[in-house]
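Let me begin by presenting the structure, written as structure tokens, before commenting on it.
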Amino acid sequence: MKVKDILVEFKENPRLGSSPEVLTLTERNGFVRQSDRFNKRLATEDTSKYKLIHQDEFAFNPYLLWAGAIARNCEFIEGVISPLYPTFRVKSGLDPAFAQHFLLSPQMIAKYDSIAFGSVPRRRRSSVQNFLNLSIPALPPLAEQRRIAEILDLNHRISSSLDQEISRLDELEKFSYLKSFGNDPTTTTTQEVAAQGKGSIRTGPFGSQLRHDEFVSEGIAVLGLDNVVANRFQWVKQRFITPEKYDELRRYKVTPGDVLVSIMGTTGRCAIVPDNIPTTINTKHICAITTDHCRILPEFLRASFLWHPSVRQSLMQQTKGAVMAGLNMGIIKKLPLPAPEMSRQLEWVNSLRSIEVLRQELSKKQALCLELSTSLKARAFQGSLSGFLSSSPASVA
């Protein structure tokens, strides 16, 4: 089978005098109102040349299909989208919800990447013809498609609910910090609370010290923006250098308890290096801070970077007006910070333990949801779901 056996392209313009919702297509959240995405309307007043899309119809962004920017209109009865987006209907005998999960499976996204062309990595284009001619396995019967889609939809709802619970815990932690320290004056700086000795505040290797072609498939790990952008340490994209290269760059080693701050791109994101970190260095995109634990706890420093009003204001002032938001080690060193007594810091950090235990439990459930979703989509892609669903219904209920 090919994609053209399940989707057919169509082009429909809005009716004269109608004013349907203006939508935009996002990589992660599908179709959303343009005004919600950009806080304003970008479309022209005359949308007669825009494309009309109804519920259960599909579209993709030809410049971001390689990243999975294909979506089904699940929420809106109808809307208009950019005329640049190709639009598709699902052929009869196929379930739109199943088609959505199938077309967004990791295996299909890998295929989209293979048909993208262009010299600019983030703007590689995909053609409708190449998309429709992609080979796919035979799909299960309609009844089984619907059953698979119901399971994956339920799994998605559970995962979304867990996301919301984790977000509430983050808000609770923020509220707790502001209640305890939000009015504390900034009487010290990052440099004054850093550990004694050279290199307690450091960025990663610059320029030719570490080139992209020196990354290898295994070895000494290298941390970047993706490890801190969630404001909690996470392993996302694995990057490694050889032990020999590490010997040249060992002064950039991070240690358990270091506070990592993003200083390029999405600046001001913050995470703490976990205790079980292997031998690792950081890139130039993040600044690593080893604190003097007798003056400031890593958890308190991270929270101050993220939530203290005066600290946040200083960070915003330092990046305001730049073509690309960026900080540097000098700015980080001089950043004003509150300096409460250690007893207050300890009391607050200890009060967060129950929140952290609950967050870890929710994260484990979230990982199980992701594992189930990935397994089901992989089996659907391989055409081997029939036996899996009939033999072990309890495992996916």
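The values are calculated or read from the model by the stated rules, or taken from the named source; none is laboratory data. In this text, all values refer to a predicted model and were calculated from it rather than measured experimentally. Because the Cβ atoms are built from the backbone with ideal geometry, glycine has one as well, and the counts that use them run over all protein chains shown.
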Just checking, does the stretch 219-230 include any residue being buried (at least 20 other Cβ atoms within 10 Å of the Cβ) and within 21 Å of Lys334 (Cα to Cα)? no
Output the number of residues of the stretch 182-218 satisfying the condition of being closer than 22 Å to Lys333 by Cβ, in a loop (DSSP other than H, G, I, E, B) and touching a strand residue (DSSP E or B) at 6+ places or on another chain (Cβ under 8 Å). 6
What number of residues in the stretch 231-249 are in a strand (DSSP E or B) and loosely packed, with under 14 Cβ neighbours inside 10 Å? 0
Per the list (1) in contact with a Leu (Cβ under 6 Å, 6 or more places away or on another chain); (2) modelled with pLDDT of 95 or more; (3) of a type outside the set (D, E, K, R), residue check on Phe181 breaks on (1)
Among the residues of the stretch 74-98, which ones are small (Gly, Ala, Ser) and more than 15 Å from His156 (Cβ to Cβ)? Gly79, Ser82, Ser92, Gly93
Counting only residues in the stretch 196-213 that are of a type outside the set (Gly, Ala, Ser) and surrounded by 16 or more Cβ atoms within 10 Å (Cβ to Cβ), the one nearest to the chain's Cα centre (by Cα) is identified as Thr203
